[in-house]
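Input: a single structure, listed below in structure tokens.
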Amino acid sequence: MAKLLVLLLCSCALSLGVFIFSSIEAVLLKASRQHNSRYHHALTRNQNTGGTTPTPIGTKHVGDWPAAIVKAKAVVASMSVKDKVALATGVGREKGPCVGNTPAVPSIDYPGLCLQDSPTGVRLADFVSVFPAGINIAATFNRTMMRARGLAMGAEFKGKGVNVALGPDINIVRSPRAGRNWETFGADPYLTGEASFETVKGLQANGLQACVKHYINNEQETNRTSSSSNVDDRTTHEIYLHPFFKAIQAGVVSFMCSYNQVNGTYACENEHVLNDLLKTELGFQGYVMTDWWARLDEFGTLAVNKGLDMVMPGEVSRGGKSSYFGTALVNAVKTGQVPTSRLDDMATRILAAYYVQGQDSGDYPSVNFDSWNSSRGKHMDVQGDHKKLIRSMGAASTVLLKNDGSQLPLGNSVRSIAVVGSDAGPNPEGPNSCLGRRCNVGILALGWGSGTADFTYLIDPLSAITAKANSINATVFSSLSDADLIAAKNASSGKDVAFVFITADSGEASEGHILVEGNLGDRNDLNAWHGGNELVKAVAGENKNTVVIIHAVGAINMELWIDHPNVTAVVHAGLQGQEAGNSLVDILWGDVNPSGRLPYTIAKSPSDYSADISSGYNVDYTEGLYIDYRWFDQNNITPRFEFGYGLSYTSFSYSALAIVYLRGGLGDKSQGPIGLERSLSSWLHNDWITVTFELTNTGLVDGTEIPQLYIAPSPSSNSPPKQLRNFDSVFLRKGESTLVKMCLSRYSFAVWNSVEQRWGVPRGKYGIWVGASSRDRRLYEEIHVRGF
Ligand code: BGC
């Protein structure tokens, strides 16, 4: 048994004092159960209202909102119905400089909003940076980098005068083929939640508004505007809602509701999703906008009454004239179909978000670019020195999958280098030649669709490798054709090392408008594109030191060559953004020791995954909680590479696990996990247990380890065998040791009780599982939890 110490101070505790656990806790639990049943009545009453009164803003005052809400309410009190509606109605596509625009309201000295994609940089603008994709920053398992990326991106959006950045995308990788997986933070809700929190904090730090999307259950592109994602309540809470909850904890001011239906009702007019979950249970104070032209089954009135606050880009459908809001909403208010109080609430939410971010301070830049006409605008260069950060994030997000005989890093004595595959080179037409990156030509550094930005420059691997080779007097032999296997073999034969580059691309569906090499958003299959398997086999047939480099949107199937004895190393580079070539060279030559970890599982067979794209109207989440590694663990399926996996050029040892209880939290007991905003309760989220262990770099070079903490739940919780509940990114010089400390809260152990509509911790034995991946367990102890 680990040493169980009671009453030690936890340095990761945010605000809690430390209390002696005693029978007081039991007494309080009893009181809270009584409170719970009272709440249940209140909830029932609320439901009886028929859902025409979404929980208004300011019901509870949390975070920095109170002053902004007071100010917004005062302003709204002076506004006409028409002006209030204007705040909520987009002006229409291409009627303003940004992808979404709301009009100025002169009566309150309000300039209107510019809403702009994307989660990887400022879209449709020049002199901006293109950051590594969301899936890459997730692979760093590094909160500092996640925050830094958000901060840098936030500065660029603000520099261009954008009010609202349309990101991050915090949907979950449910099916490995889903087209927008690369925009997200992976297949685990905890990892996604941390990335969501840090990204929002970074983006919003200097006044920008962030918009988390796509709320909720937009986990595939096929039929995204008509299908119904059918998900049970527990799975919703424990998997799909969590990242959105973390965004609220970070103070996010806006949400984008998704195109799809959720359990039979469009997300943007779904009372349960918008009002019960978001505005009541999670206490969200900001506003909810539609995804672009999101279809509402009924009139906008209904959606407003269910909790929608803004329509984007304004008109009902692409190219249409009428709007769900605008005059229709003015009339609905006049005829009483929408209560004035609801309109006031919408307007207050939108203005409060603007005030809470200080965008009214007078020094917020105005829009200085035009998405639709590049000859307009000021062409402000907002890149700063972000290229350095992007290069280091690209390297830190690169996952070394295989490295037999320490093939990598390459020494400076390498003399001849083969570089094979179209992905190694540039797109001959330029990095932005395909609109919205709707092609897979040359280095793949982003997927396609609204999640992209235009490259100011893009470093391709061949250029970066050639520059490195020149500096060490090595010669590069290249063949950039994927199809010409003879040329590939000729280039590879007899060289000290052969790099073979393969890709897999995906993107946004855009309802059939975009077809890339036969793929309509979601990938057709998990194979490498352009005959990548054959290319690898051809090169490996010639060269004993074949290194496969993968630029891909997610998992690819590598079974045809992964065990080939000449494939000595495999580098999964993902989508590294504009510095792709440099980031890769940093890893290949060991200037950066790889520490990226897979944010999803790579299976041996596509059929090993629990969920695939559904081609029908119903997208049934029948796998429930069992997505990705949760499914592989539960069913003893051996993956090719598991979630959390990644190699380093050094090695680490783990020892001395100690588990420390921090009882109590008496001070905030009154905010127990019931009632309004119950899922936000600090009682639930404050530190409860700390886990410490010793980590040592036992290898020959400095490096970063990513220790991961999983909880193996008590059988009574009926949960997956283990679930990620903490991680860290720890740099250690060779031979160095450190004590790693990770905190757990009650929420780390909690399961959602759908009957009582509350979080609870089932009593029982829980495994505290510390390891280097989801299958590489290094330390383990069991603890008994009393449950509540
Ligand atoms: C996408 C959103 C995007 C919006 C505006 C939609 O098609 O789903 O993610 O923000 O367009 O471009």
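The values are calculated or read from the model by the stated rules, or taken from the named source; none is laboratory data. Just so you know, these numbers come straight off a predicted model, no measurement behind them. Positions of Cβ are generated from backbone atoms using ideal geometry, with glycine treated the same way; all protein chains shown enter the neighbour counts. Just the protein is used for accessible areas: all its heavy atoms, side chains included, with ligands, DNA and RNA removed. Shrake-Rupley method; radii C 1.70, N 1.55, O 1.52, S 1.80 Å.
Values for this structure:
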{"item": "Length-normalised contact order for the chain - Cα pairs under 8 Å, 6+ apart - percent", "result": "16 percent"}
{"item": "Along each principal axis, Cα extent of the range 469-621, largest first, Å", "result": "58, 33, 31"}
{"item": "Inter-site label distance for SER651 and SER716 at 7 Å from Cα along Cβ, in nm", "result": "4.2 nm"}
{"item": "Over the chain: Kirkwood hydrodynamic radius from C-alpha pairwise inverse distances, Å", "result": "26.9 Å"}
{"item": "Separation of the TYR617 and SER107 label points, Cα + 7 Å toward Cβ, nm", "result": "4.4 nm"}
{"item": "Which listed pairs, of LYS279/LYS321; LYS489/LYS544; LYS71/LYS160; LYS402/LYS544; LYS213/LYS246, have C-alpha distances above 20 Å, in listed order", "result": "LYS279/LYS321; LYS71/LYS160"}
{"item": "Residues of type aspartates and glutamates that LYS306 reaches as a straight line, Cα spacing below 13 Å, ignoring anything fewer than 8 places off in the same chain", "result": "GLU269, GLU271, ASP276, ASP297, GLU298, ASP345"}
{"item": "The range 180-289: relative contact order in percent, alpha carbon pairs under 8 Å with at least 6 residues between", "result": "32 percent"}
{"item": "Assigned charges on the beta-carbon of Lys, Arg, Asp, Glu; the chain dipole about Cα centre (debye)", "result": "1760 debye"}
{"item": "All aspartates and glutamates inside 14 Å of LYS537 as judged from Cα atoms, apart from same-chain residues fewer than 8 positions distant", "result": "ASP482, ASP484, GLU559, ASP563"}
{"item": "Coarse-grained scattering of the range 200-279 at q = 0.18, 0.22 Å⁻¹, given as base-10 log I(q)/I(0) from a Debye sum over alpha-carbon atoms", "result": "-0.73, -1.01"}
{"item": "Solvent accessible area, Å² - ARG437, 1.4 Å probe, full protein context", "result": "20 Å²"}
{"item": "The range 267-344: GluC sites (Glu not before Pro) in DSSP coil with no more than 15 other Cβ atoms inside 10 Å", "result": "GLU298"}
{"item": "DSSP beta bridges in the chain [antiparallel fraction, %, rounded to 5]", "result": "55 percent"}
{"item": "Estimated 222 nm signal from helices in the chain, with DSSP H stretches of n ≥ 4 weighted -39500 (n - 2.57), rounded to 500", "result": "-7000 deg cm²/dmol"}
{"item": "Nearby lysines by direct alpha-carbon distance to LYS388 (threshold 18 angstrom, same-chain neighbours under 8 apart not counted)", "result": "LYS468"}
{"item": "Positive-pole candidate from GLY521, LEU695, VAL164, dipole of the chain, charges at beta carbon", "result": "LEU695"}
{"item": "Cleavage-rule hits, trypsin sites (Lys or Arg not before Pro), the range 76-173, DSSP coil, Cβ neighbours within 10 Å at most 15", "result": "LYS95"}
{"item": "Karplus-derived 3J(HN,Hα), 6.51/-1.76/1.60, for each residue of the range 351-368, Hz, glycine and proline x", "result": "6, 4, 4, 5, 6, 5, 8, x, 6, 8, 5, x, 10, 6, x, 8, 4, 10"}
